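Single-structure report; data block below.
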Amino acid sequence: LVPEIALTPQTVDRFRAAFGDKIAVLHSALSEGERYDAWLGLKRGEKRIVVGARSAVFAPLENLGAIIVDEEHESSYKQGETPRYHAREVAIVRARNEGAITVLGSATPSLESWSNAEAAKYALLTLPERVGGGRLPRVDVIDLRRTAVDYTAMAQGGVDYGAVIREPLHHAIVETMQRGEQTILLLNRRGYSSFVQCMDCGSVATCPHCSITLTIHRNPERLVCHYCLHKEEPRPDCPRCGGKNLKQRGLGTQQVERLLCERFPAATIARMDVDTTSGKWAHTRILDRVASGEIHILLGTQMIAKGLDFPNVTLVGVVDADVGINLPDFRASERCFQLLSQVAGRAGRGEKGGQVLIQTRLPAHHAVRYAVTHDYVSFVNEEMQGRKDPLYPPNVRLANIVFSGTVEDSTAKLAIHAGEWLRELISTRAGDEVTVVGPAPCPIERI
């Protein structure tokens, strides 16, 4: 199992080189016919190895021997809609039922898996050295709180290149290209700008169907909701006050791509995010161009952070490490550390070595500090302390009960009534073993 469809081509190529034509590929980007052919080949025993994303865990393999979950910490293994499941947990249960072995692989294991290994529920196997004897890249931090150097005039409706790509990262990109080597830049936010705000009244453009701001996209120019996919044309004036002083705020991969193209007109720059990889085999085409050396700078969201193996990539830059670090999610720090560690691992995978530059406003945050030193164990020790009071996984199990409806008041009343009923039920059946928290509004109340 691989966490991203983008990782499938490279993984399939490696397995085909070793096992020939016994490989089947299963993921949601295939047509129904392609999936049916793969499924049939497995069912008949013609194919004996499956490579795919989370749904491949249900592949009809007879006499199952092993399930390997690559990057087992990834949240994409969890299915967000019915039927809800976590592919890692399904893999463990299926392997146990069929007498097979499960291998969970990660440079930054989830805290749940780590605590299971500590409790001897799992056997812990460590690879302290890089495969092939390579060195881990040097990681340096660029403090975004310091004044930016102006390289170009302020771009209309956008931001200045020098405010986005600070001087040390800019010089590193230039030197990398001069050596004929490649760069990967990570910004885990797609679109052009995060939102549009009226500077007269402060109003922000929001989705009419969801309680979320609309993200600005270019080519074509439109405002998009990343939840329900509502699209609308940008307005010339504020719908609340009629003011015309509208500003685009925040930064997305499209805007960084434009700034890089203006700054390095002779360079070949590719962007890899949901918007550029929606077409069939789009992942493969982009990655093949990187592998051939045609692309000088690969810019993208988290899908470029894991699993990719390009020996000529010697520089990795994180444009803004703070994206997601302060989300109202108890796993926010863990995910930030994992993402930084994973993307750092893309640099220096060949003999040339590598360098990683992380731009952040929070250089003292433990997720950033331990990513810089490649120190997973110290990160876990500090993060575990923060999950003891109040209790959070892996120190406790959470069950999330969501009430949804079309009318807010009646949905809230139902949730409150259900909470009271649940507390009463638990007090008679489970005593102090179960605690009910809430009800409370969802982080995004309306989708």
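Computed over the Cα atoms of the chain, what is the ratio Rg over Rh, Rh following Kirkwood?
Using only Cα positions, Rg/Rh for the chain is 0.97.
Restricting to DSSP H runs of at least four residues, report the calculated mean residue ellipticity at 222 nm for the chain, -39500 (n - 2.57) per run over all residues, nearest 500 deg cm²/dmol.
The per-residue figure over the chain is -9000 deg cm²/dmol.
Between the stretch 236-308 and the stretch 48-86, what is the C-alpha centre distance in whole Å?
29 Å
Run the reach check for Lys47 against lysines, Cα to Cα strictly under 24 Å, same-chain hits fewer than 8 apart removed. What comes back?
Filter leaves Lys22, Lys280.
Where the convex hull is taken over the Cα atoms of the stretch 223-311, what is its projected area averaged over directions, in nm²?
Result: 8.2 nm².
Which ³J(HN,Hα) values in Hz, rounded to whole numbers, follow from the phi angles of the stretch 42-52 under the Karplus curve 6.51 cos²θ - 1.76 cosθ + 1.60, where θ = phi - 60° and Gly and Pro get x?
3J(HN,Hα) across the stretch 42-52, in whole Hz: 6, 4, 7, x, 6, 10, 10, 10, 10, 10, x.
Run through the stretch 222-268 and list the trypsin sites (Lys or Arg not before Pro) located in a DSSP loop whose Cβ has at most 15 other Cβ atoms within 10 Å.
The qualifying sites are Arg240, Lys244.
Which cysteines does the chain leave without a neighbouring Cys Cβ under 4.7 Å?
Here Cys228, Cys261, Cys336, Cys442 come out as lacking a disulfide-compatible partner, given the Cβ-Cβ threshold of under 4.7 Å.
State, to one decimal in nm², a quarter of the convex hull surface area for the C-alpha atoms of the stretch 239-384, i.e. the direction-averaged projected area.
For the stretch 239-384, averaging the hull's shadow over all directions gives 12.3 nm².
To two decimal places, what compactness ratio does the stretch 5-118 give when its Cα radius of gyration is scaled by 2.2 N^0.38 Å?
Its radius of gyration relative to the 2.2 N^0.38 Å reference: 1.07.
Where does each of Leu391, Leu287 land when they are ranked from fewest to most other beta-carbon atoms within 10 angstrom?
In order of increasing Cβ crowding within 10 Å: Leu391, Leu287.
Sort the following peptides by mean Cβ neighbour count (other Cβ atoms within 10 Å, averaged over residues), highest first: 265-273, 82-90.
Highest to lowest by the protection proxy: 265-273, 82-90.
From the P(r) of the stretch 399-447, can you give the percent of Cα pairs sitting at distances over 12 Å?
Percent of Cα pairs beyond 12 Å in the stretch 399-447: 65.
If we count other beta carbons within 10 Å of each Cβ, what is the order of Arg218, Arg397, fewest first?
Fewest-to-most Cβ neighbours within 10 Å comes out as Arg397, Arg218.
Readers should treat all values here as calculations from the given coordinates under stated rules, not as data from a laboratory. Quick caveat, the model's predicted, so the values are computed rather than measured. Every residue, glycine as well, gets a Cβ built from its backbone with ideal geometry; the counts of neighbours run over all protein chains shown.
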